1. About its Cα centre, what dipole magnitude does the chain give when the only charges are +1 on Lys and Arg Cβ and -1 on Asp and Glu Cβ, stated in debye to the nearest 20?
2. Considering only protein heavy atoms, what is the solvent-accessible area of residue 75 at a probe of 1.4 Å, reported in Å² to the nearest 10?
3. Search the structure for amide H atoms under 5 Å from the amide H of residue 366, placed 1.01 Å from N in the peptide plane, and list their residues when 5 or more places away or on another chain.
4. Rank these by accessible area, largest first, 1.4 Å probe: 57, 178.
5. Return the long-range amide H neighbours of residue 23 (sequence gap of 5 or more, or a different chain), with a cut-off of under 5 Å between placed amide H atoms.
6. Decide, for the stretch 155-211, between rounded, prolate and oblate: order the square roots of the alpha carbon gyration tensor eigenvalues as a ≥ b ≥ c, take rounded if a/c falls under 1.5, and otherwise choose prolate if a/b is larger than b/c, else oblate.
7. Longer than 26 Å from Cα to Cα, which of 277/404; 78/188; 78/252; 206/404 are they? Say none if no pair is.
8. Got a sec to turn the phi values of the stretch 280-287 into Karplus ³J(HN,Hα) couplings, 6.51 cos²θ - 1.76 cosθ + 1.60 with θ = phi - 60°, whole Hz, x for Gly and Pro?
Amino acid sequence: MLILDLNNLCAMDTEGIVIRIKTPAGDMDSAVDCPSLLNFNDLLVAIRDVMPEATVTAFEYEDEVGDRITVRSDEELKAMLSYYYNTMNEQRMNGLLPDPLQIFPRAGKTPGNRNIHGLKVNTRPNPANDCTQAVPDSMANNSLKKSSAELKRILTNGQISAQDINYQEQLGHGNGGTVYKAYHVLGKRVLAVKVIPLDITVELQKQIMSELEILYKCDSPYIITFFSAFFVENRISICTEFMDGGSLDVYKRIPEHVLGRIAVAVVKGLTYLWSLKILHRDVKPSNMLVNTRGQVKLCDFGVSTQLVNSIAKTYVGTNAYMAPERISGEQYGIHADVWSVGISFMELALGMFPYPQIQKNQGSLMPLQLLQCIVDEDPPVFPVGQFSEKFVHFITQCMRRQPKERPAPNNLMEHSFITQFNDGNAEVVSMWVCRCLEERRAQQGL
Ligand code: ATP
Ligand code: MG
């Protein structure tokens, strides 16, 4: 068992240490005045500042024989500092100036292709091969009128065009399109680009572009940042912020203290959208994204009716996360999003879709008849004793069959399950995402 000598750490505080972050682009030295106050997450944040494009979930240091030792927690960090202190002392006793503490960031792979539902889509040519295609002038110049605030924002984000994007790996595909990780050369930033093939008229393309304009105005830490959208031939590319933890559907059962923090972000994100009179319309785990900084953001909300309609013409089916009133084709509103929050979080807590009779092996779109049980039957209940009363109450309220009986936006935010986790503690989610990515990496033998 590892016994940490905390005296070592306090002794180091009197003189401070230098940490050398070894990156592919070179070394980066940072002075740390009080090593005893340093925690694992602080150091990860510092590493990410130096390597903004990498998904850093842990780092390593070398022991006296050159073996690499991984650091993934505060405990392991203390062990590393303690080891370093001893080395430093030895070097001093030999009349040498101590070397900086060298650490080697471990950049994990992003979640990558999951297709856990065995979904099959048409394989289309990789846009990387023809991104030299000229963008129609009308789109490139973006002749649509913008307010000065919007323009300022677009300029800050950098207007993106197809020529400036280098496509990297495929992150996944859904019912409408394929999402790629990509690098925007001019903006020097990593993007997620969703490419959706659409056989529509130029008029409709313009209408979609105009409907997407509202995305420039969305500004919330709980909503994925939208950078740009453009058509090339019959494909629309939608460029957004890249989230290195991917979507929640690929994580197994999520423990309640993590799920609580995620729920707070999701409720805040939805409240923000609703305040702009935008219904999300597609709340589900694959549209909730996380990153190694512990941020949680919503994506794929239906701001463009034309885009949603055009995709729906190609991909037929009904979304299994839809509220009963939507499945039955009735009118719906905010309460339908609230149902989808309930069923999504129930799935995330259980690690399986809450209606066992519905096998979601075809993605989230299903034939309507298969979803009839959501309309006809009582909502599912949790197994007894496995989850807190507050959580069970939250889900039960969100999944009331009568839309009006579900919590209204204010009540959602004030629910005791949400208030108890509304503490701004991103570290809980960050540590959990990093741990899961590390586990996945180990399973893949990386
Ligand atoms: P649907 O088409 O019904 O929305 P979906 O959400 O599974 O289904 P996509 O929206 O095409 O499908 O997304 C595919 C996958 O790409 C997601 O499940 C997610 O893992 C990944 N992804 C999407 N956007 C991002 C992003 N901004 N950052 C990182 N990964 C992303
Ligand atoms: Mg999606």
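1. Dipole magnitude for the chain comes out near 1480 debye.
2. Approximately 120 Å² of residue 75 is accessible to the 1.4 Å probe.
3. Excluding prolines and chain starts, which carry no amide H, the hits are 318, 319, 320.
4. So the residues, ranked largest to smallest area, are 178, 57.
5. The list, which skips near neighbours in sequence, is 28.
6. Taking the square roots of the gyration eigenvalues as a ≥ b ≥ c, the stretch 155-211 is oblate.
7. In this structure, 78/188; 78/252; 206/404 lie more than 26 Å apart at Cα.
8. Computed from phi, the couplings for the stretch 280-287 are 5, 6, 9, 6, 6, x, 6, 9 Hz.
The values are calculated or read from the model by the stated rules, or taken from the named source; none is laboratory data. Everything numeric here is computed off the predicted structure, so don't read it as measured data. Neighbour counts are summed over all protein chains in view; Cβ atoms, including those assigned to glycine, are modelled from backbone coordinates with ideal geometry. To get the accessible areas, we keep the full protein, side chains included, count just its heavy atoms, and leave off ligands, DNA and RNA. Shrake-Rupley method; radii C 1.70, N 1.55, O 1.52, S 1.80 Å.
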